[in-house]
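This report concerns only the one structure given below.
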Amino acid sequence: MAALIAENFRFLSLFFKSKDVMIFNGLVALGTVGSEELFSVFAFNCPCSPARNYIYGLAAIGVPALALFLIGVILNNHTWNLVAECHKRGTKNFSAAATFLLFGSIMGRAAVAPVTWSVISLLRGEAYICALSEFIRPSSLDKFPANHGAEVLARFPCKDVPANLTKYRDDVTRRLRYESQLFGWLLIGIVAVLIFLTKCLKHCCSPLSYRQEAYWAQYRSNEDKLFRRTAEVHSRILAANNVKQFFGFVALDKEEKELVQEFPVEGVQPSPQWNAITGVYIYRENKGFPLYSRLHKWAKGVEGNGPSPEGHEMLFLAS
């Protein structure tokens, strides 16, 4: 029984590791849905005033989406790898296809939260109704009183209307909610088709087999985890050595003492080494052998970043 549980746990662990990007995007989407619900309940308050409704409704949909998009760009490692690449080496070594692939990766991941926000806002319909209620043509409403215009229509989202206009308010609200939800479902369909086509294009254009691509993903994940863990230990030991040199002693706990004894640190890596392993990386091979990262490339002593007979760009970005 214990062996069966351990095997199932190992399977789930491997599954989630292989789907880490998908799971991250799903968590981002769920967090965005929760945030939108809280905003609708506690923060959304249509002004119900001509001219103000339209601005407020669009802002309620667009401004949070823009903020979420910018946050997604900022939190994407590819963004800062690109900045480092442009600062240190420039993008002259990248082809147009590689540059498009890079920006597509950054924008695609950053778009998860804003698209989710926009879809949920449209499906709820409150912001859309608030923004467009005043633009409903009175002539489209059966026997709508001629003495009422945009000012009354703008008050429909707040239900603050005369009793004789209640049926018109329900009609307008139903019509606008239908339009809003229709746009929401269309946006879902468009995004789904784009994701499908992107995945197909990625696998069709990939120079790697399915198994090698899976291996590359595992390598990148393991390299990143080991690099971060080792960097944390290295920096702690280096800091301990410097503090000891200044004070003559350093106050370490038992675990830190074991680390200092087990991993002696003599110095730091020079800046050229940091620059060599930092930046955007697109899959390359050297004499037929794959180079899975900048660190891998540096460890093999391969020089240069541009295409050459021995090291050629394969136009496939690390996701």
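Some points to look at:
- Pairs where the first residue, in the range 171-199, is farther than 21 Å from L58 by Cα and the second is open to solvent by 90 Å² or more (accessible area, probe 1.4 Å), C-beta under 9 Å, 6+ apart: D171/D142
- Checking each residue in the range 200-213 for being part of a helix (DSSP H, G or I) and either more than 21 Å from the chain's Cα centre (by Cα) or β-branched (V, I, T) (or both) picks out C204, C205, Y210, R211, Q212, E213.
- Among the conditions (1) open to solvent by less than 50 Å² (accessible area, probe 1.4 Å); (2) within 30 Å of Y281 (Cβ to Cβ), the only one that Y210 does not satisfy is (1).
- Options V73, V152, V115: the member that is modelled with pLDDT of 75 or more, surrounded by fewer than 18 Cβ atoms within 10 Å (Cβ to Cβ) and among the β-branched types (V, I, T): V73
- Residue among A239, A217 that alone is modelled with pLDDT of 90 or more and part of a helix (DSSP H, G or I): A239
- Of the residues making up the range 246-290, those that are open to solvent by 90 Å² or more (accessible area, probe 1.4 Å) and within 30 Å of E213 (Cβ to Cβ) are W274, K287, F289.
The values are calculated or read from the model by the stated rules, or taken from the named source; none is laboratory data. Please read these numbers as outputs of a predicted model, since none were measured by experiment. Don't worry about glycine lacking a Cβ; one is built from the backbone with ideal geometry, like all the others, and counts go over all protein chains shown. Just so you know, the surface numbers come from the protein's heavy atoms only, side chains and all, with ligands and any DNA or RNA stripped out. Shrake-Rupley method; radii C 1.70, N 1.55, O 1.52, S 1.80 Å.
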